[in-house]
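Everything below concerns the one structure shown next.
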Amino acid sequence: MCLALRLARRGFGQTSPNPMVGAVLVKNAKIIGQGWHHRAGEPHAEVEAIRDAQRRGNSTKGATLYVTLEPCSTHGRTPPCTDAIKAAGIRRVVVGATDPNPKHRGKAFKILIRAGIKVTVLAEWEGRARRSVRADPDPARQPRAQDRAPCQKLADECARLNEAVNHWIVHRAPFVTVKAAMTLDGKIATADGESKWITGDMARAYAMKLRQGADAILVGVNTILTDDPSLTLRPRNAERGMRNDGKLRRIVLDAMARTPLNAKIVNDEHAALTTIVVGKVAPQKRVAALARRVKVITAPIVKSRIENRKSKIDLRWLLKKLGGENVTSLLVEGGGEVSGSFLLGGFAQRVT
């Protein structure tokens, strides 16, 4: 399962709105095939592992499949993995985490069990009296007490692997990460509001990794007016698995449509990925001018939670809107006002 987790992470930043999944096939104590989900619409990890075994000339009949997430059991852009598992003659499936979607959770297990395939879920090994979806009748093969803690740790890792997608599936809104760099005395800018580099190379590399794992990045219009940022993913070494395919959406909170028409996010090669969120009271000429170059959506306005601030974009409405557009993870890189709005409103799942 450790190897399956490592394989799954190779899909970091590339599989949304699908989860990252890794799979390993074992037979006679030897790895005969492995795979991971590369991108949405492409074969799932289980199918990749089966094909890998076949390419190596290995028979999958009687093998054990270790997979980080419950296999899919319904037709989507790809056929159900349960069909592939049955066709491959796999004898046992060990699952790291169950499907977070209540509509699908456990369905794959029932299908596989009916086909005579043994199923073990790692999370079931801890705290539930050695119970699995289908208990092994041989006590010798039941998990020992000293084995349960490592199994639970792996189960937790499998569950955390897709926390953003899991949150989106349950709430139909993106998992929000608020990123803020500050000095030791708690400052994020100079006294006059000027932005300065206050982080080192390692911190900036971490910021790029956060962007890599996000579907969209969000800032306020003041950041655009002050810094004119590109809000893109900087090129990465391909062998490190970092994406730079221009799919990071850029979202600007701009209630009064003040974004300059010459801003980078309006004019660069990724302008099609820019969304300006304006309020209903925004000047229509400005809105129309922006809409000729980038996507503009009009959002409801609510009273700001920050004292002495004007009314702002309804963030709850916006998050539901983005969730409906398959944005599973949102990185907030705005200044103090934008970050504060997300934090005070209880909309952030992580602060870093």
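A few comments on the model shown:
- Which of 96, 115, 79, positive extreme of dipole for the range 77-120 (C-beta unit charges): 115
- Global size of the range 14-87 as Cα Rg and Dmax, reported in angstrom: 11.7, 36
- Proximal lysines relative to residue 303, as straight alpha-carbon distance under 17 Å, when same-chain residues fewer than 8 apart are discounted: 280, 312
- Modelled spin labels at residue 55 and residue 9, positioned 7 Å past Cα toward Cβ, are 2.3 nm from each other.
- Sparse packing (at most 12 other Cβ atoms within 10 Å of the Cβ) combined with a DSSP loop state is found for the following trypsin sites (Lys or Arg not before Pro) in the range 272-306: 280, 292, 303.
- Length added when fully stretched, residue 284-residue 202, from 0.36 nm per residue minus Cα-Cα: 25.2 nm
- Footprinting exposure proxy for 59, 329 (fewest neighbouring C-beta atoms within 10 Å first): 59, 329
- Rounded to 0.05, the FRET efficiency of the residue 160 and residue 87 pair, given R0 = 30 Å and the Cβ-Cβ distance, is 0.45.
- Over the range 256-352, the alpha carbon radius of gyration divided by the compact-protein estimate 2.2 N^0.38 Å works out to 1.11.
- Residue-by-residue Karplus 3J(HN,Hα) for the range 158-170, coefficients 6.51, -1.76, 1.60, Hz, glycine and proline x: 5, 5, 6, 3, 10, 4, 5, 5, 4, 4, 5, 4, 6
No value in this document is a laboratory result; all are computed from the given coordinates. Here the structure is a predicted model, which means the values were calculated and not measured. Neighbour counts are summed over all protein chains in view; Cβ atoms, including those assigned to glycine, are modelled from backbone coordinates with ideal geometry.
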